[in-house]
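I have placed the structure first, in the form of structure tokens, so that the comments after it can refer back to it.
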Amino acid sequence: MSDCLFCRIAAGEIPATRVLESERTLAFRDINPQAPVHVLVIPKPHYADLAGLAAADDGLLAEVAGQAHKVAQSEGIAETGYRVVFNTGSHAGQTVDHAHAHVLGGRPMTWPPG
Ligand code: AMP
Ligand code: ZN
């Protein structure tokens with residue numbers, strides 16, 4: 001989708017700080033980090049949200065989850081712990097309608113989130 005921000009990042013049309021890439025996924029640093037480590041993992045094909053991705057390609061969803069853990073390992077937070085979040089819909093604060101996993105860590109995090 002040419003008007004989707006994350007599709008354009010996946011295509012290399014908009015710059016991002018890439019940290020991990022596979023044929024079908026991309027991980028890059030969030031532009032407005034909420035924790036010392038804040039990386040987004042996206043499927044390269046466009047799905048509007050987690051539900052759309054899960055319904056269309058559960059293998060790709062599993063790959064996104066696996067890449068989230070690899071990011072945590074390479075960022076040095078796999079041992080201390082990290083959070084993986086898929087904001088879905090307006091009450092959750094989803095602002096980009098291309099499915100993405102937030103990988104957050106590097107400090108203790110509160111529960112429940114706000
Ligand atoms: P969400 O609010 O869950 O939809 O998450 C969207 C995330 O994308 C937010 O955390 C933003 O800070 C992040 N974001 C927006 N634009 C960019 C960009 N150009 N590069 C990296 N991250 C971005
Ligand atoms: Zn997209």
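The values are calculated or read from the model by the stated rules, or taken from the named source; none is laboratory data. As the structure is a computational prediction, the values presented were derived from the model and not from experiment. Glycine also receives a Cβ, built like all others from the backbone with ideal geometry; neighbour counts cover every protein chain displayed. Note: accessible area is taken over every heavy atom of the protein model, side chains too, but ligands, DNA and RNA are not part of it. Shrake-Rupley method; radii C 1.70, N 1.55, O 1.52, S 1.80 Å.
Give the residue that is least open to solvent (accessible area, probe 1.4 Å), with candidates limited to residues of segment 67-114 that are away from ligand 2 (no atom under 16 Å from the Cβ) and acidic (Asp, Glu).
Checked segment 67-114; the qualifying residue least open to solvent (accessible area, probe 1.4 Å) is 75.
How about segment 2-34: which of its residues are in contact with a helix residue (DSSP H, G or I) (Cβ under 7 Å, 6 or more places away or on another chain), in contact (Cβ under 8 Å) with a residue 24 or more places away in the chain and not aliphatic (A, V, I, L, M)? Outline the logic, then answer.
Of segment 2-34, the ones in contact with a helix residue (DSSP H, G or I) (Cβ under 7 Å, 6 or more places away or on another chain) are 14, 16, 19-20, 22, 24-28.
Next, only the ones that are in contact (Cβ under 8 Å) with a residue 24 or more places away in the chain stay: 19-20, 22, 24-25, 27.
The answer is 22, 24, 25.
Looking at segment 1-32, which of its residues are open to solvent by 100 Å² or more (accessible area, probe 1.4 Å) and either away from ligand 1 (no atom under 11 Å from the Cβ) or among the acidic types (Asp, Glu) (or both)?
1, 2, 3, 13, 23
Tell me whether segment 33-41 contains one or more residues that are open to solvent by 60 Å² or more (accessible area, probe 1.4 Å) and within 10 Å of ligand 1 (Cβ to nearest atom). It would help to see each step written out before you state the result.
Going residue by residue through segment 33-41, those that are open to solvent by 60 Å² or more (accessible area, probe 1.4 Å) are 33-34, 36.
From what's left, within 10 Å of ligand 1 (Cβ to nearest atom): 33-34.
Taking every residue of segment 33-41 in turn, at least one turns out to be open to solvent by 60 Å² or more (accessible area, probe 1.4 Å) and within 10 Å of ligand 1 (Cβ to nearest atom).
Looking at residue 64, is it closer than 14 Å to residue 103 by Cβ, in a helix (DSSP H, G or I) and within 16 Å of ligand 2 (Cβ to nearest atom)?
Here the answer is yes, as residue 64 does meet what is asked.
I'm trying to understand the selection: among the residues of segment 1-21, which are within 12 Å of the chain's Cα centre (by Cα), away from ligand 2 (no atom under 13 Å from the Cβ) and not charged (D, E, K, R)?
Those that are within 12 Å of the chain's Cα centre (by Cα), away from ligand 2 (no atom under 13 Å from the Cβ) and not charged (D, E, K, R): 19, 20.
Might you check whether a residue that is in a helix (DSSP H, G or I) and small (Gly, Ala, Ser) occurs anywhere in segment 76-85?
Looking through segment 76-85, none of the residues is in a helix (DSSP H, G or I) and small (Gly, Ala, Ser).
Which of (1) within 13 Å of ligand 2 (Cβ to nearest atom); (2) touching a residue at least 40 places away in the same chain (Cβ under 8 Å) is the odd one out, the single condition residue 37 does not satisfy?
Of (1) within 13 Å of ligand 2 (Cβ to nearest atom); (2) touching a residue at least 40 places away in the same chain (Cβ under 8 Å), only one is false for residue 37: (1).
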